[in-house]
Amino acid sequence: MSDPFQNALAFLNEIRKDLKETDKSYLDRLLKPQHLIKGEIKLKGKKYKAFRSQHNNALGPYKGGIRFHENVTESEVKALSLWMSLKCSIAGIPYGGGKGGVVVDPKKLSGKELEELSREYIRLIAKHIGVNKDVPAPDVNTNPQIMAWMVDEYEKIVGHHEPGVITGKPIEIGGSKGRDKATGYGGVMAMKFLLEKLKVNSGKLRINSPISNFNSQFFNKPSSQITIAIQGFGNVGYFFAKIVSDEGFRVVSVSDSKGGIYVKEGLDPVATLECKNEKGKVADCYCVGGVCDLRNGNTISNDELLELDVDILVPSALENVITKDNAARIKAPIIIEMANGPTTKEAADILAKKGTIIVPDIFANSGGVTVSYLEWVQNRMGYYWEEEEVDGKLENLMKASFNTMWTRYLGLRENNKHASLREAAYIVAVERIIEAEKLRRP
Ligand code: NAD
């Protein structure tokens, strides 16, 4: 199923059976966004379609990033906003879900044009956003500089400082320490919480059903032998790679849109990023950072990366990359979904039967929005924390939501050995939204 919103709904409808009878009608409220803002941005004689989807605000203001990409569609923005509602809910932060996008290839714009596009986008949606209404942030191809232009434009329109209206800003104008690495860092935490539950390194598997896709050696490996492949080497993929390598795990493969590299002994993410910045693509960097052995390093395609024989696969680029066409060939027993929606429903079903454990996107990549929340809190009190304090708060929030998801997962598996962490996360997230809906709009 390649339509992103239909895919998101397929996952959502799957948990209908797990809800209380009286709650099922509330689920219907989540099947479409509450508001969809559509418009056109005119720039130098060209027109660019722009969207902002506000999915549900029962738990708090809409929250979600803005994507600049030539493949942005209305369906994608709606799906991403639905996932944001679920993500903020499972993360235990007081937000609903939103998402924005502009159909544009920003790499074809000059710096000045990119600034103008960013400011125009804010002029288009200004009356629909606000610190207590809808709080945008970066997503694919948008960054702190773009957030700076956007917050500046918003403040010009309203006539006063309002840093909390947009998160992911540069630190100099109200951004939070720790925000740049937060999504990757949270993903590494998610991976480690899972390994801890699975009791990797002690040879014991703590979940109560056979996991066919794991071989017994997996549970006795030291971290330095746990191999990881990461698709996407942008903000999320790079920080995941760097932090997980610093923690002693072995990143054997990374890629960007132009292809990837595989280095059996493990690659150096920092040197790889420096090389990518210099040469323009990861695929030209198989020989950097002291690992320059042609017998063990080679370039690979994005499709090959997904099918590598590694312990952990980390899709960190775009949605719909694990589909019914390649799911049967995915060898990694663990997938940490750092991109939003990388796995289609059909693929997830195939992988569940194989025993693959997927840490779902709505939890795995929630570190970013959680630190965005901490940025918003700091903006509102006008007092700023050191990075250690931000990191500690992120860890506490992620640990609490992981444990809630895991407990529900073990409960589901008592009746269904193919139950997934995604179902558990969706049930917890939806129940929380439904409780808020009942209190507000019975
Ligand atoms: P980014 O723009 O910084 O990086 C995207 C990376 O993906 C780049 O390396 C790009 O080359 C690569 N890529 C693009 N198309 C590709 C393709 N067809 N095949 C392989 N690689 C491809 O974006 P990001 O912020 O790192 O976001 C990546 C994913 O993580 C997205 O799904 C985004 O929604 C999700 N996410 C991001 C954040 C965040 O805080 N940045 C938070 C939650 C989720």
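Quickly estimate the mean residue ellipticity at 222 nm for the chain, helices only: each DSSP H run with n ≥ 4 gives -39500 (n - 2.57), and the total goes over all residues, rounded to 500.
So the helix-based figure for the chain works out to -13500 deg cm²/dmol.
For a 29 Å ceiling on Cα separation, which of these pairs sit above it: K78/K133; K38/K281; K44/K345?
The pairs that break the limit, which is 29 Å between Cα atoms, are K38/K281; K44/K345.
In what sequence, highest mean first, do 143-153, 41-51 appear when ranked by Cβ atoms within 10 angstrom?
143-153, 41-51
Please work out the average accessible area per residue across the chain, using the 1.4 Å probe convention, and give it in Å².
40
Once ligands and nucleic acids are excluded and a 1.4 Å probe is used, how much of V77 is accessible, expressed in Å² to the nearest 10?
Answer for V77: close to 0 Å² accessible.
Can you give the FRET efficiency to the nearest 0.05 for K42 and N416, using r as the Cβ-Cβ distance and R₀ = 51 Å?
0.45
Tally the DSSP beta bridges in the stretch 32-168 and give the antiparallel ones as a percent, rounded to 5.
Among the beta bridges of the stretch 32-168, antiparallel pairing accounts for roughly 65 percent.
Calculate how many DSSP beta bridges within the chain are antiparallel, expressed in % of all such bridges and rounded to the nearest 5.
Numbers: 24 of 48 bridges.
If we restrict to bridges inside the chain, about 50 percent are antiparallel.
List the trypsin sites (Lys or Arg not before Pro) within the stretch 74-155 that fall in a DSSP loop (any state other than H, G, I, E or B) and whose Cβ has at most 16 other Cβ atoms within 10 Å.
Sites meeting the loop and neighbour criteria: K133.
Which FRET efficiency, nearest 0.05, do K353 and H35 yield, Cβ-Cβ r, R0 41 Å?
Efficiency, rounded to the nearest 0.05: 0.60.
Between K192 and D309, what FRET efficiency follows from the Cβ-Cβ distance if R0 is 25 Å, with the result rounded to 0.05?
Efficiency computed from Cβ-Cβ geometry: 0.70.
Take the Cα coordinates of the stretch 32-168, assign each an equal point scatterer, and use the Debye formula without solvent to give log10 I(q)/I(0) at q = 0.10, 0.11 Å⁻¹.
Per q value, in the given order, log10 I(q)/I(0) is -0.28, -0.34.
Among residues other than N277 whose Cβ falls under 12 Å from its Cβ, what is the net charge (Lys/Arg +1, Asp/Glu -1)?
Neighbourhood net charge equals -1.
In whole Å, what is the distance between the alpha-carbon centres of the stretch 300-379 and the stretch 220-286?
Cα centroid of the stretch 300-379 versus Cα centroid of the stretch 220-286: 16 Å apart.
So how far, in whole Å, is the C-alpha centre of the stretch 155-199 from the one of the stretch 89-141?
First find each Cα centre; the distance between them is then 15 Å.
Sorted by average packing, counted as other Cβ atoms within 10 angstrom per residue and highest first, what order do 52-60, 360-368, 413-421, 8-16 take?
The most tightly packed comes first, giving 360-368, 52-60, 8-16, 413-421.
Determine the alpha carbon to alpha carbon distance for each of K47/K108; K108/K177; K17/K63; K156/K181; K24/K353 and list only those over 25 Å.
Working: K47/K108 14 Å; K108/K177 31 Å; K17/K63 28 Å; K156/K181 29 Å; K24/K353 27 Å.
Long pairs (Cα-Cα over 25 Å): K108/K177; K17/K63; K156/K181; K24/K353.
Quick check for you: which residues of the stretch 419-442 have the amide N under 11 Å from the point 7 Å beyond the Cα of S25 toward its beta carbon?
Only 442 pass the distance filter.
Sticking with the crude label model, points 7 Å out along Cα→Cβ, report the distance from K108 to I173 in nm, one decimal please.
The two pseudo-label positions are separated by 2.7 nm.
Roughly what would the spin-label model give for V377 and R16, points 7 Å off Cα along C-beta, in nm?
A separation of 3.7 nm, rounded to one decimal place.
If we sort 183-190, 349-356 on the protection proxy, mean other Cβ atoms within 10 Å, highest first, what's the order?
The peptides rank, most packed first, as 183-190, 349-356.
The values are calculated or read from the model by the stated rules, or taken from the named source; none is laboratory data. Quick caveat: nothing in here was measured; it's all calculated off a predicted structure. Cβ coordinates were reconstructed from backbone atoms using ideal geometry, including for glycine residues, and neighbour counts include every protein chain displayed. Note: accessible area is taken over every heavy atom of the protein model, side chains too, but ligands, DNA and RNA are not part of it. Shrake-Rupley method; radii C 1.70, N 1.55, O 1.52, S 1.80 Å.
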